[in-house]
Amino acid sequence: MKKWIMLSFLLIYLAGCQPFMGGQAVIDWVDFIQWNGQEYNGVHNSEIADASFIEKEIGEVRFKVADNVSNPSYQLKDGDAAFHEKGTKLYSIKGKDNIIAVKDEAAINGYRIYFAMDNSKYKWHFDDVSLEQVKKIEIYKSATPAGNQQIATIEDKAGIENFLEILSNSKEAPAFQPNTSTGDPISYQIILYTDEPITYKYSVHYDGNTYFWYPSETAILSDDIQHFISEK
């Protein structure tokens, strides 16, 4: 019997216990690509380090399931993708058999990363970073009219160690609520580069009073981070 892949979905009921719309379910898809019998999920905490790490084109999306599939028992097929259009090219990454990529103009280095779910541990949490291997840090301001705007690069050893120490010494504050009285907090993307083709990426936010981020729980950062983040 074929193995059926469990899909992440949300069944939205209309009028309490009424039947589904048209007898179907509304599915809240995770961002995935099915390829070579494996499900690859989007990595939100990473970017490709450089486009030169793209190895070759390995195929393309054959079917976009979002908006086209409403059966929660649907069996994924190679070439299926949650949100990418048919014809989207898939690429391998040098030295990374369990990771594939697609072009993405919104991504900082031009590609969105997907990793194989089978036998693969998600390894892009901040606790997974070998801090001594970080060679460069880039800081981007998010959601500007021009997209992600690079505002700083840290390459000297002392600066890298200082910045990573600020991140490491953040204080968990799960009850913290940012001040939104004057609008949404400003968001920044922090990219940590090692010698690997895949980086680590984390969001830092500033609500006008406090810098904070989400390494696991909400955590408060020292104001010392403004020496690196302040825009010149």
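We did not get these values from a lab; they are worked out from the coordinates using the rules stated. Computed from a predicted structure; not experimentally measured. When we count neighbours, we look across all protein chains shown, and the Cβ atoms used for this are built from the backbone with ideal geometry, even at glycine.
Tabulated data
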{"item": "Whichever aspartates and glutamates have a C-alpha closer than 14 Å to that of K77, once near sequence neighbours (fewer than 8 apart) are set aside", "result": "E39, E60"}
{"item": "Contour excess over end-to-end distance, with Cα ends at K123 and S187 and 0.36 nm allotted per residue", "result": "20.7 nm"}
{"item": "Max mean-square fluctuation residue, GNM over the chain, Cα-Cα springs under 10 Å, options G59, G183, G42", "result": "G183"}
{"item": "Pairs beyond 25 Å (Cα-Cα), from K121/K201; K121/K157; K86/K141; K103/K171; K94/K123", "result": "K121/K157; K86/K141; K103/K171"}
{"item": "Three-way shape call for the chain based on the alpha-carbon gyration tensor, with the a/c threshold at 1.5", "result": "oblate"}
{"item": "Angle in degrees between helix 157-168 and the longest Cα principal axis of the chain, rounded to the nearest 10", "result": "60"}
{"item": "Label point distance in nm, E60-E132, each placed 7 Å from Cα along Cα→Cβ", "result": "4.7"}
{"item": "3J(HN,Hα) from dihedral phi, the stretch 202-214, Karplus parametrisation 6.51/-1.76/1.60, rounded to Hz, x for glycine, proline", "result": "9, 9, 10, 10, 9, 9, x, 10, 9, 8, 8, 7, 9"}
{"item": "Amide proton proximity set for T88, modelled H, under 5 Å, gap of 5+", "result": "V61"}
{"item": "Label-to-label distance, nm, for residues given as F176 and D97 (7 Å Cα→Cβ offset)", "result": "4.1"}
{"item": "For the stretch 71-77, 3J(HN,Hα) per residue [Karplus equation, 6.51 cos²θ - 1.76 cosθ + 1.60, θ = phi - 60°, Hz, x = Gly/Pro]", "result": "9, x, 9, 4, 9, 5, 10"}
{"item": "Helical mean residue ellipticity (222 nm; -39500 (n - 2.57) per DSSP H run of 4+; nearest 500) of the chain", "result": "-2000 deg cm²/dmol"}
